[in-house]
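The values are calculated or read from the model by the stated rules, or taken from the named source; none is laboratory data. Keep in mind that this is a model prediction, so the values were computed, not measured. With ideal geometry, Cβ positions are generated from the backbone for all residues, glycine too; neighbour counts draw on all protein chains shown. Please note that ligands, DNA and RNA were not included when accessible areas were found on the heavy atoms of the full protein model with its side chains. Shrake-Rupley method; radii C 1.70, N 1.55, O 1.52, S 1.80 Å.
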Amino acid sequence: MQAPYKQFTAMLRLIAAFNGAAALLLTAFSLGIVGADTASPDLSEPLSYFLAGLGACGLAQVLLFLAQLRRARRMRLSLAPGGHLGLALAILVFAGGVAGFGLGCWSASGIDASDSGQATNTTAVYAGRLPAYTGGKKIAAGRIDASLDRI
């Protein structure tokens with residue numbers, strides 16, 4: 001009966017790593033460490049979702065540990081395994097961690113930084129293409145031209 005606990009712990013660590021990495025990347029972007037050439041929009045909403053998901057994963061880990069201790073104690077005393085309230089609570093809180101990651105991704109994908117520096121929530125995210133530079137001459141990215149042989 002130890003395998004479900006190990007699998008659940010692995011899932012908890014994975015979701016906690018996703019939430020933590022996303023929170024770290026959003027913080028790095030808003031501080032200008034990553035993408036310093038653009039004005040950073042207000043990322044407090046997605047950051048709060050990611051941090052709430054990370055906290056939920058930590059709480060679920062503690063609840064899972066307490067459930068394992070209770071189960072080991074009951075087995076040591078030769079009692080029936082009993083109720084699984086701690087495990088059920090851990091699964092419920094884990095679902096909150098997954099929801100925190102999902103909501104953080106959803107809210108971060110809807111933020112658009114306009115040229116005025118004000119961030120507005122939109123329903124679409126646009127990808128841009130950067131021009132390629134070769135030898136000081138500007139060449140459009142993705143364009144194949146015979147004149148490139150002269151460069």
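Quick one: if you stick a label point 7 Å off each Cα along the C-beta vector at Ser30 and Val98, how many nm between them?
For Ser30 paired with Val98, the spin-label model returns 2.7 nm.
Under a 1.4 angstrom probe, counting protein chains only, how are Thr27, Thr9 ranked by accessible area, largest first?
Thr27, Thr9
Rounded to the nearest 10 Å², what accessible area does Arg73 show when all protein chains are kept and the probe is 1.4 Å?
Around 130 Å² of this residue is reachable by solvent.
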